[in-house]
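Data block below; observations after.
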Amino acid sequence: MSNPFLQLANTKVMLIDKAGKEYGPFQSTCSNTKATLWMSELPVEEGDKLVKLLPEGAMHYFTIQECKYVSGFYSIPQHFVLMIHKDNSIVPTSGHSTVVHNSGQNSRFNLNSVNTSSNIILENSIFLKLRETLNQHIADKETVDKLTKLVNAMEQSKNTPAFTDRYAEFVQNAANHMTILAPFFPLLADFFYKAAN
């Protein structure tokens, strides 16, 4: 009786045992993860090699990870199902991500490198730039004078507990000018945290 499943076996394969002995070629139904050989006896076990024989002489090597014998059932003949893994396949990487939060003055992120940078921050230059910004961008002289006095008070109280009060007072009075003063707040916040701790 002929085996109708052999019509599906369109790939030629060879088997190589651990000692290097070759068997075949055999007709097989084969994918990159599973091979089915429609035969009743097969000298194969886990760890042996399956070689797909491709057109033009190309060969793909697989390691047999699992070998199952399936006894015949009515019109389905006995056969072997081999779970295989391609020897030189690329292992997909996991899809994880890393989130890095950098904040504060002079924050950096170095990946596989050494940080050789250096920073020179002149604390007084922050207050000088703040006063220059007030003079350049606020038209009302009275407002400029009031905010400048508050900047001077913050500068004199930096690195002391009194800075927190001076900072809060400045923020309240500068509320209408946040657009032009926004770049200074992260720098001033450093003084605030130093004074609060």
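Would you list which lysines come within 26 Å of K68, measuring only between C-alpha atoms, while excluding same-chain residues fewer than 8 positions from it?
Correct list for K68: K12, K18, K21, K34, K49, K52, K86.
To the nearest 10 square angstrom, how much accessible area does K86 have with a 1.4 angstrom probe?
Its heavy atoms expose roughly 50 Å² to the probe.
Could you work out how much longer the chain between K18 and E56 gets when fully extended? Use 0.36 nm per residue separation minus the Cα distance between them, nm to one decimal.
So the chain would gain 11.0 nm between K18 and E56.
Given the peptides 155-163, 39-47, 77-85, arrange them by the average over their residues of other C-beta atoms within 10 Å, most packed first.
Highest-to-lowest ranking by the protection proxy: 77-85, 155-163, 39-47.
May I ask you to list the lysines whose Cα is less than 23 Å away from that of K158, ignoring any residue fewer than eight positions away on the same chain?
By straight Cα distance, K158 reaches K129, K146, K149, K194.
Test of understanding: what is the full-extension gain from M178 to N135, defined as 0.36 nm times their sequence separation minus their Cα-Cα distance?
Residue separation times 0.36 nm, minus the Cα-Cα distance, leaves 14.0 nm.
The values are calculated or read from the model by the stated rules, or taken from the named source; none is laboratory data. Remember, predicted model here, so these are calculated numbers, not experimental data. Cβ coordinates were reconstructed from backbone atoms using ideal geometry, including for glycine residues, and neighbour counts include every protein chain displayed. When the accessible area is computed, the model is the full protein with side chains, heavy atoms only, and any ligands, DNA or RNA have been set aside. Shrake-Rupley method; radii C 1.70, N 1.55, O 1.52, S 1.80 Å.
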